[in-house]
Every structure is written in C-alpha cells, then in structure tokens.
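**Student:** Structure below; questions to follow.
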Amino acid sequence: MKETNAQHIISLFEQWAPKSLAVDGDPVGLQVGTLNKKVTKILVTLDVNLDTVEEAITNGCELIIAHHPPIFRGLKNMRTDLPQGILIEKLIKHDIAVYAAHTNLDIAKGGVNDLLASALHLENIEILEQTFSEQLMKLAVFTPKESTAAVRAALSTAGAGKIGDYDSCSFTTRGEGRFKPLEEATPYIGQANELSVVEEDKVEVVFPVSMKNKILKALLTTHPYEEPAYDLVLLEAEVNIKGLGRIGILPEKQILGDYAHLVKQQLNVPFVRVVGDLTKKVRKVAVLGGDGNKYIQIAKRAGADVFITGDLYFHVAQDAEAIGLSVIDPGHHVEQIMKTGVAEYMTKVCVENKLAVEFIPSKISTEPFQLI
C-alpha cells in the first residue's frame, strides 16, 4: 500500500461527488486547512463540532470529510472567544483540514439520498427533482481502414461510446475518401499535388459534451493522418441526469402507520412525526435528506403517496395534509447514514488504488434534540 496526500484523496472523492453537482450558493469544498499534506486517517462525520474535532484528534486524523459545512455563511470575524472561532482555532492548532460535501453528496449516485432510499426498501428508484444534466455530442471521423480499430479503441478508452449500461458503442460505414496533399503537406498516404482515393471508414461515437477535449486529444494522438477530417454535432439527448431526492415504490403496499415504524427503525431515530391518515395504504415513496419543505408539491406531482424528509414546518405540514400527501419526518439527523456510506465507498476506492488510508465513521451523535 502506498502513502498519499489529502489532495489525491479528495480528487478521488470528487470523481464520485464533484463540486459541480452542488446547488448554487452551497459552500462545498475545502473549508479549513490545506490538502497539501500526507494523510493516513480520515474522519467522516455529519457535522463538525468540538466533540467530533476531539474525536478526530484522538484517532490521529489529518482530515475530516463532513456533510454539513461548518462555515455555511461568510465569516465576519474569527474571534477565538466565540464558538465558531474556538472550533476553527482547534482545527488549525492540530493541523486538521475540513472538507465539506453537502448537496453534491446528496445528488451523487450512491450518495445520501440513494443511501436513504435503499435503507427504506425502495425499488425502481428515480430522481425526484432534476438539477443537472449534460448534452450528448457526436463525433464522426474518417480514417483509413487499417487504422479503424486503433482509432475506435482510443476513443473508447477515452470514454466515448458509453450508452447506459453499455460501453465501446460505435457505428462504422465504409466508403472512399479523396484528397490532394499540397506542397507543404507531409501526407500519411499519397503524394503532393496528386489526388488520392483511399478506402476509408467513417466511425461515429457519442459522449457527454464535457468530455470533448479529452476525446479530441485521444483522436488526434491516435489518428495516422496529419490533418484528420471529423465532424462534431451537438445532440438534443441528455445524459448524466442527476438531482435531489429519490422516488420509488415499496415491494408491496403498507399501512402508513406501520411504514412510519419501519422508517423509525431503519433510520435509527428515536421518533418520527407523521402527517396523514395512519390507516392509509401507501406504496410510492419520495425521500429527501435534510430540509425538504420546498419539495412538498414536487413530491405530490411525482405521484408520491408519502414523502419522507426532515425539519417539516407547521404550515407546510398543513399544506401537505390539504393536498393529500402523507409525510414522515424523521428529523434532519437521518443524514448520519452518510458516515458509514462514505467511509465504505472511499475505503473501497483506496483499496483499489492501493492507498494506505483509513476512513473512520464518527461515533459521535450530533443530534441536538432530546425526546422527553
């Protein structure tokens, strides 16, 4: 196993949950310290407070990956006699960096909302509210037939031709290419000032528009021609569709009251608040970790029988009741599911990359409420 630094770890993490997925204004990324240092142990926590910082110190962690950003609004001062200043001072004194992954981790495939949907036994899971997508682009390139396989392979290795659960997808047609090299040219085929007719293949592949530069680099590096001919076409089709919340169905209908008990058990919370008729049968379930007050109407339009989210406001609960949408509120703290989820995912990634790093899920509960 190899030693590594925090920058490498975060680059691997951001392949899973890139900052570009975060909603506008969400302060994700490095918040305290530096990533330019060796790391051997990383604490994964929902929140950063004095208890979790002490836990990181006790475990010898050099980095904390948190879901909730400890600096959510711009600092007006850094007073070390106030709670936030005390926290930041302690982190700096012990050289512990803090990286926050908030809505980007909610949105990422396998992130917070997928973890919640899985824990709640949902099937046929889809995105509740789309927040991100990319357009597809098509490349058509003309290559001499003896180079077609190499060009196709290079494009595939670079990431072109991935469609759903398939990769290396392409289409090839055979034809004749004509060209006349000028005096200044150094042609791969043909002679200067002579018209050449060559048996060529037209290779077509698609890829997300964000990969254009990478795909073109692979093409130009592999193609034998001095100046290969190719077309780029922006398509209307979208890929990499991502978003907040999830919606799915239960294996079979359940009574709302019974399902509320299951939610309480599966999410390991002391209580849940429920809006709606406890005897009503439900099957289609929407879930959104954290504060989901703004998504009541979206869940209803998506056909949900019940919406599971935290921090439900009194009047929003009344609005949900009025439109016939049941709601189960297990609290904001259910996002603690990310601690084990992130630790397991990143441990697997680091083992695959032979990196000597330990990810430690925080054992500290940052739930501020007590039930009396």
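The values are calculated or read from the model by the stated rules, or taken from the named source; none is laboratory data. Note that the coordinates shown come from a computational prediction; the quantities given were computed from them, not determined experimentally. Glycine also receives a Cβ, built like all others from the backbone with ideal geometry; neighbour counts cover every protein chain displayed. Only protein heavy atoms, including side chains, enter the accessible area calculation; ligands, DNA and RNA are left aside. Shrake-Rupley method; radii C 1.70, N 1.55, O 1.52, S 1.80 Å.
**Student:** Out of everything in segment 136-152 that is surrounded by fewer than 17 Cβ atoms within 10 Å (Cβ to Cβ) and touching a residue at least 12 places away in the same chain (Cβ under 8 Å), what residue ends up being nearest to the chain's Cα centre (by Cα)?
**Tutor:** If we take residues in segment 136-152 being surrounded by fewer than 17 Cβ atoms within 10 Å (Cβ to Cβ) and touching a residue at least 12 places away in the same chain (Cβ under 8 Å), then 138 is nearest to the chain's Cα centre (by Cα).
**Student:** Which ones in segment 178-203 are among the acidic types (Asp, Glu) and either open to solvent by less than 40 Å² (accessible area, probe 1.4 Å) or assigned to a helix (DSSP H, G or I) (or both)?
**Tutor:** Matches in segment 178-203: 200, 201.
**Student:** Hey, another quick one. Considering only segment 210-310, give the helices (runs of 4 or more DSSP H) lying wholly within it that have at least 1 residues that are open to solvent by 40 Å² or more (accessible area, probe 1.4 Å) and within 24 Å of residue 128 (Cα to Cα).
**Tutor:** Ranges flagged: 256-266, 296-301.
**Student:** Return the only residue of 133, 156 being under 24 Å from the mean Cα position of the chain (by Cα) and either part of a loop (DSSP other than H, G, I, E, B) or at pLDDT below 95 (or both).
**Tutor:** Checking each option against the conditions leaves just 133.
**Student:** Check whether at least one residue in segment 91-112 is modelled with pLDDT of 95 or more, at negative phi and touching a Cys at 6+ places or on another chain (Cβ under 8 Å), and report yes or no.
**Tutor:** Yes, some residue in segment 91-112 is modelled with pLDDT of 95 or more, at negative phi and touching a Cys at 6+ places or on another chain (Cβ under 8 Å).
**Student:** Now for a different question. Here is a list: 344, 335. Which entry is open to solvent by 10 Å² or more (accessible area, probe 1.4 Å) and either farther than 15 Å from residue 256 by Cβ or part of a loop (DSSP other than H, G, I, E, B) (or both)?
**Tutor:** Only one candidate passes the filter, namely 344.
**Student:** I need every pair where a residue in segment 12-28 that is farther than 25 Å from residue 353 by Cβ and touching a residue at least 12 places away in the same chain (Cβ under 8 Å) has its Cβ under 7 Å from the Cβ of a residue that is exposed (fewer than 14 other Cβ atoms within 10 Å of the Cβ) and hydrophobic (A, V, I, L, M, F, W, C), sequence separation at least 6 or different chains.
**Tutor:** Listed pairs, sorted by first residue: 27/72.
**Student:** A further question on this structure: Could you tell me whether segment 333-350 includes any residue that is more than 21 Å from the chain's Cα centre (by Cα) and not β-branched (Val, Ile, Thr)?
**Tutor:** no
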